[in-house]
Amino acid sequence: MLLPLIPSVHPSAQRAEGTLGLRQEPCIKALARDRHVCRFCALPAGSWQDVFTINDDHADTSADNLAAACPLCHGVQHIADAHADEQMRVIWLPEISQNLLNVVVRGIHEILHGEGLPCTLAKRPIFNTPAVSAAWRAYLALDRRASTARSVIDSDRPRDLAAALSALTPDQYGRRASLIGGLRLLHRGRHFQDGRDVYAEQLDAWFAKPAAGTPQPPNVKE
């Protein structure tokens, strides 16, 4: 069963305060236990898998609090990060869960990346195979849901949502899933590490077809 995926803003999650070191033994064990498969969307991310703290507290590295998470799902726990607004957009999509949205978006990105196209909406693809055309239209339709989000919370920026969640009382924060309602986070085809967009590298790793028996080098992020 997939774990629930709810935007969070625990102070320990701020990148400025550091992240869980994936070389730490608890994280290594958690990734091995979960077989490097995201427990929120059930998709593998290979060497780019991260570790999600289920109770939001990044200082709690107990085994039952750690879960493997792909970059798309892990980003939901970091909506206050410096690059959050570049990586995600708040949209209104009550029809599906955040978990399923991430699966859909990753599928869109796989199609675009497979054709050598950027996974952003900055520029319409020059050529359109049926698959690319369908993926682009679906992505654009999702992105247009940001206008509804703006009518709900007066913003489509993740960091504004983070500020709103930070202002909640502890009791309200505990009920944030119901308060958030149909708000979702749409991945925008970018993922920053140390100020550099590495999303294309992640996609290369996810969708490459290595020769049988070829070991994949780890890409440990500190």
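The values are calculated or read from the model by the stated rules, or taken from the named source; none is laboratory data. This is a predicted model, so every value here is computed, not measured. In this analysis, Cβ positions are derived from the backbone assuming ideal geometry, glycine residues included, and neighbour counts consider all displayed protein chains.
Considering only segment 13-31, I want to know if a residue exists there that is modelled with pLDDT of 90 or more, closer than 20 Å to residue 175 by Cα and touching a strand residue (DSSP E or B) at 6+ places or on another chain (Cβ under 8 Å). No - not one qualifying residue is present in segment 13-31.
Got a sec? Which of 85, 56 is modelled with pLDDT under 95 and either in a helix (DSSP H, G or I) or touching a Ser or Thr at 6+ places or on another chain (Cβ under 6 Å) (or both)?
Numbers: 85 fails: modelled with pLDDT under 95.
Answer to the check: 56.
Considering only residues in segment 163-205 that are in a helix (DSSP H, G or I), small (Gly, Ala, Ser) and out of contact with any His (no Cβ under 9 Å at 6 or more places or on another chain), the one that is farthest from residue 10 (Cα to Cα) turns out to be 205. Each residue in segment 67-83 was checked for being under 26 Å from residue 167 (Cα atoms) and aliphatic (A, V, I, L, M), and 5 of them qualify. Entry remark, segment 161-174: residues being touching a residue at least 40 places away in the same chain (Cβ under 8 Å) and either basic (Lys, Arg) or crowded, with 16+ Cβ neighbours inside 10 Å (or both) number 3 in total.
Within the option set 157, 124, 137, being in the same structural domain as residue 189 (by TED's automatic domain parsing), at negative phi and in contact (Cβ under 8 Å) with a residue 24 or more places away in the chain holds for one residue only, 157. Yes or no: segment 110-121 includes at least one residue that is crowded, with 19+ Cβ neighbours inside 10 Å, over 21 Å from residue 158 (Cβ atoms) and touching a Cys at 6+ places or on another chain (Cβ under 9 Å). Yes, segment 110-121 contains a residue that is crowded, with 19+ Cβ neighbours inside 10 Å, over 21 Å from residue 158 (Cβ atoms) and touching a Cys at 6+ places or on another chain (Cβ under 9 Å). Just one of the listed residues (159, 184, 196) is under 22 Å from residue 74 (Cβ atoms) and in contact with an Asp or Glu (Cβ under 8 Å, 6 or more places away or on another chain), namely 159.
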